[in-house]
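Readers should treat all values here as calculations from the given coordinates under stated rules, not as data from a laboratory. Since the structure is predicted, the reported quantities are computational estimates derived from the model, not experimental observations. No Cβ is skipped: glycine too gets one built from the backbone with ideal geometry, and neighbour counts run over all protein chains shown.
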Amino acid sequence: MTKPYIFDPTTDTIGLDRNLVASKLSQRSNPSIPVDGITFGIAAMSENSPHDGERHPDGDEVLYLISGRVRVVFIDSAEEDIDVRPGDGLVVPKGMWHRVDILEPSQIVYLTPGPNNEYRPLADDT
């Protein structure tokens, strides 16, 4: 058994493994460190996602908007884009390509399944 510990969700990311054991990840990165389970954190975003889409084949992703305004854009899908406002939660279904476009600087809580996340590079990335 480990000891309780405090973490700062605005700077730290927590990984919950398949047994739901939490561990603080050493640093926040983008894309995030793959976790065989769920990654939990808060993203402070003032610019669009640093990729042209992502998908999570291991499960549904849960997003909750604390502040700001975002549009979740669904790629390769007939689904309409969804504008998300503070207090809204959104479930992105397993395997669905999507990206987050920032309409106003935002703070987003995310629960992302892993470890097999996929990302499409931006057109100008080489």
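A few remarks follow.
- Computed extension length for Ile33-Ser77: 13.2 nm, one decimal, from 0.36 nm per residue of separation with the Cα-Cα distance subtracted.
- Residues Leu20, Leu25 arranged by fewest to most Cβ contacts within 10 Å: Leu20, Leu25
- Within-15-Å neighbourhood charge of Val100 [Cβ basis; K, R +1; D, E -1]: -4
- The relative contact order of the chain comes to 32 percent, based on Cα pairs under 8 Å that sit 6 or more residues apart.
- Three semi-axes describe the equivalent ellipsoid of the chain; taken as square roots of 5 times the Cα gyration tensor eigenvalues and ordered largest first, they are 24, 17, 14 Å.
- Charge tally around Glu80: other residues with Cβ under 14 Å, Lys/Arg +1 each, Asp/Glu -1 each, net -4.
- Two-site FRET efficiency, Ala44 against Ser23, from Cβ-Cβ distance with R₀ of 35 Å, rounded to 0.05: 0.95
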